[in-house]
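Data block below; observations after.
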Amino acid sequence: MLVEPRSGLLAAWGNALLAGLVSPDEAALAIVGEDAVHRVDGLPGEVGPVGLTLALGRLRGLGATGFRVALPVPGHPLGLSGPPDFNARALEAEEAVVAYGVPYGLVPEVTEAGPAGDVHVEVVWRVLPVREAPPADVPSLGEAERELAEALRDATAVLSRLDVAGSGPVAEAAVDAYRARAERGREVLAPGYPPRAVRVLEMAQRVGLLVSVAYENGHGGAVSASEIAARGEALRPVERVARRAQVAAYNAYVEGGEVRR
């Protein structure tokens, strides 16, 4: 969870573009990030894939007034509203963007090629019809913030008791990565997002760090099957809370009505 989902970047910077806070080129550059190229396929009126700049402009012309994020996993259709075909594709990708104001959603298909350290990444966003209905299980920012505080406290207590809260070089590297990310964390949500949304996303990243360290550090002191099971039981609801909080932060644009100008 330390790496932000591509759907989050597309929604955040797409919303900033719709609010007139960034140019089309700025939005496209931020969305692509370190990937090689992003294309959008299936747009109404287009016979093939087009670039992000054209695609965002076309969606705005069709009536899009905002973008929401979905981060579904098996058993938790977070942010989805149907129909089944879109839900299935989003679940396979574990992320999607849903346009607000027009009945379309975008699901990323990622292709990677090349050796480690020199991976070439291409992304094709598939445009599909979506049902205009409330998204599944998306909390408000206030709810997400409260849930994160409770999850962080409870998980820290459980993982500390199991001696897997984090130590050694793997944990130190994870902490360093988080700190480096936090230094530029306010760029993740794009210009105009309210401070509370930024705060919630940063807290979700912090909770994600705890989960990552717990998984990456192996079994730590949890040497028995029952202790390993207890760790899994502690982490699953924490991961769920962190994903809900990510979606709440990215969706603050459409839930709050507007990005601050």
Filtered residues of region 85-113 (kept if of a type in the set (Val, Ile, Thr) and more than 19 Å from the chain's Cα centre (by Cα))
102
Region 1-37, residues that are in contact (Cβ under 8 Å) with a residue 40 or more places away in the chain and not hydrophobic (A, V, I, L, M, F, W, C)
4, 5, 6, 7, 8, 14, 15, 20, 34, 35
Select from region 100-119 the residues that are in contact with a strand residue (DSSP E or B) (Cβ under 8 Å, 6 or more places away or on another chain) and modelled with pLDDT of 90 or more and list them in ascending order.
100, 101, 103, 104, 105, 106, 107, 108, 109, 110, 111, 112
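Regarding residue 198, is this residue closer than 30 Å to residue 23 by Cα, at pLDDT 85 or above and surrounded by fewer than 20 Cβ atoms within 10 Å (Cβ to Cβ)? Reasoning before the result, please.
Working: closer than 30 Å to residue 23 by Cα: yes; at pLDDT 85 or above: yes; surrounded by fewer than 20 Cβ atoms within 10 Å (Cβ to Cβ): yes.
The answer is yes for residue 198.
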So for region 18-27 (the condition being surrounded by 19 or more Cβ atoms within 10 Å (Cβ to Cβ) and in a strand (DSSP E or B)), does at least one residue qualify?
no
(1) of a type in the set (A, V, I, L, M); (2) in contact with a helix residue (DSSP H, G or I) (Cβ under 6 Å, 6 or more places away or on another chain); (3) without any contact (Cβ under 8 Å) to a residue 24 or more places away in the chain: which one isn't true of residue 113, the others all being true?
(2)
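The values are calculated or read from the model by the stated rules, or taken from the named source; none is laboratory data. Fair warning: this is a prediction, and the values are worked out from it, not measured in the lab. Don't worry about glycine lacking a Cβ; one is built from the backbone with ideal geometry, like all the others, and counts go over all protein chains shown.
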